[in-house]
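None of the figures in this text is laboratory data; all of them are computed from the coordinates on show. Worth saying up front: this structure is predicted, and the values here are computed from it rather than measured. Using ideal geometry, Cβ is built from the backbone for each residue, glycine included, and neighbour counts are taken over all protein chains shown.
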Amino acid sequence: MELFETKKASRFLSQFLDLNIHIGSEEFVNVRRFLGMIDSTSDAELDYYNTMVHIGSRAEGFDFPKSDRDIMAVKNYVLVIQHPDEVLETDLSKNILVMDNTDCRPGYTLLTPLYERDHRRIRELVDINGKQYLSSTLFMHYTLRNGCYIHGPCSTIDLGISRDLAFAFHCRSWPDTLSDFRSRTAHCVWPPSELVSKIVQDGFEFVAIGDKHSSLFEVQWRLSFVKAEVALVKSFNHVQFKTYGLLKIFLKECIERDDSVKDLLCSYFMKTILFHAIEHSQPTMWVDENIVQCFWYCFTILLECVQTGFLPNFFILAHNLFLSNVIGGNRERLLRVLYGYQAMGWKCLFQCQTFHRLSIDIHQSIFEFPTPNRFKTRVIEINRDLQIAKQHGIEDIYKADHLVSLAIRVFRTYDNDLFHDIAVMFTNKVLMKNSRNKISDLACIHQSSNKVVYTQITKHKRILHMSSNTDVCGGLLSLATFYYNTGCYHKGFEVANRVVHHCQQSAAIHLNKRANFDGYFNEMCGKGYTLLQKARQSFTSIYTIHKKYNRLYPPELDLEVQDENKFVWLSPLAYAIFLTVLSTYRLGNTAQSHVLFEDLMDVRSDSIFEADGYPIIHKMINVCHQILGDSDPAIEAFKDFCKKYPSSHAASIRLSTLRQLQEKELLPDGENDLDYYNVKTQNVYIDNDMGKEEREQQNGHLYYKTMYNMDPLSIINVSWL
């Protein structure tokens, strides 16, 4: 009966973890890791002096609410060697440090300089008995960034979610004198020999923290194997990965519920226990119908380690991870807690809040296997899609050439249509971001001939069209803005109106905490749509403008953009309606402009795109008042805005301009109209080869140059494929 009960519980529990948004199915975990690879591929190229390595729970494939977003920055200009005779001629471009294990416990070492480059000398040296050592304590203080605090070997900033940055030095040779990892695992089923060889070949790192039990604490460095640990976790089968998730949940929701033992254990200890468990077991054990036994096996190892007060590091077995915390009274209190759960047996899992309802479902079910149903399959699908849409919608700093290279590699190495679609989406996005800045810069070119401008604008227009097929908001709104800025108002209106339609449909995914995803769940999930089809139909995200990073925006907003040093976030629905108002006004259809303007005002109270989340909506409404000639409402609106946002110089300038115009008596025809074809700006390119008289005239009238020197119809008619 017990065996039947555990196997039934295992099957239900395993399916439950597949549906859990923080753990997920095997495909979902692979998608998370793939998205992480996109991040790490880009980050790795952003810093010349550091190689950025994503580590922690998110790099491993989890998405718990407080999962660490850890990054290790490995210093490229520093190399650690174990013996002076390991130096190669090519190493002399770096600072070289040598390990010194004198009076150090296994897992820690001292670092002494062997060779220093003149242009980047090591400052954090201290003298001990006439010998120079690199101080880990001084190094941490020198590298601590503003707004951060020291957390172990990391510089940590807390923005709701903890973000850790650990600076490290690389050692390319494996510490065989300290670690028997290479020989110990030579005949193991796990980890596989190929992975062991790669881990040993890649070496390890040193992080800036010493042994608290040593008098040399301030100058000691800890050996770190985090890159190897991420590789080991990624080699787990999915049941092993879910068992890791079980241990994390059990630690947070059961063990740490007792304040007397809180913070004595950590996820790293649970991961280490799982490493040992998998190494000393048979692969046949790690299957779905045994997941309860797998958890209990790991719990037994944990209890034994606490009883002995010894948890060996997986790579350096002589390094006791329990030495600092799980000792003395702490160990006794922890044992009392664990003995309580031991008495419950494997059913102690159901003491976790996460699994309360599951225990009832298992007990009430008359079936031995959980019933597969279409609803649960769609739950997995929407969770996966939300993860992709969320990362795709973030305003990032990916570089186009890096993601294009990644996309090529993905198509060559992955036989997975979903990964191909993700690569296409992200590549199109970075190409679009590059092109929209290029297009905006064409407005400031004076030396190029019309033919050159025409050729360039055509090239980048093709990219905007391409990106609009996978990016409803970023792509289509960029295209609509492009058409508007080039005087193609009919086209601008049509494209912007498409965005309005997309944002208002029930199946849209709005990346907003108040968003309702029922429509997407019912209409797009479980229908067999590809990711690209879903993205083209339903993914919406904010549109950002910036005077440096995204200069493609209507000239009517130039004052507002120049007034900001940060990104300006625009609600996609509000911005699309704003473009339709501008386009119809330019076409002379003021009646339709007023109707659309009413729609824009209604967005202020929209449940998803409301003005509280996007203050720029107020500015767009005020600008529309001004454009449509509603002077009195415009003045009142700008007055209210200035009271609410007194630091807004743009609103003050507009208010002052409106008052001056209102105070003027009768002006010649046309002079009392605001000129929105040439809006003043602060970043116009000035040609140094101009004559003095021409340059003075240019400096006196700094205008945002829209591209009216080209034939709009010729731009529209250019084939982009």
Which of the peptides 281-289, 107-115 is most tightly packed, and how do the rest follow, judged by the mean count of other Cβ atoms within 10 Å per residue?
-> 107-115, 281-289
Order by protection proxy (mean Cβ within 10 Å, highest first), peptides 460-468, 299-307 = 460-468, 299-307
Given the pairs 198/390; 66/242; 198/433; 390/566; 461/548, which are separated by over 26 angstrom at their Cα positions?
-> 198/390; 198/433
From the phi of every residue in region 463-474, what ³J(HN,Hα) in whole Hz does the Karplus formula 6.51 cos²θ - 1.76 cosθ + 1.60 yield, where θ is phi - 60° and glycine or proline is x?
-> 5, 4, 4, 4, 5, 5, 6, 10, 9, 4, 8, x
Name the residues whose placed amide hydrogens come within less than 5 Å of the amide hydrogen of residue 317, ignoring near sequence neighbours (fewer than 5 apart) on the same chain.
-> 180
Phi-based couplings in Hz for region 49-65 (Karplus 6.51, -1.76, 1.60; Gly and Pro marked x) = 8, 10, 9, 8, 10, 7, 9, x, 4, 5, 5, 6, x, 8, 9, 6, x
Protection proxy ranking of 579-586, 365-372, 497-504 - average other beta-carbon atoms within 10 Å, highest first = 579-586, 497-504, 365-372
In whole Hz, the Karplus estimates of ³J(HN,Hα) for region 489-496 (6.51, -1.76, 1.60; θ = phi - 60°; x where Gly or Pro) are 6, 4, 5, x, 5, 4, 5, 4
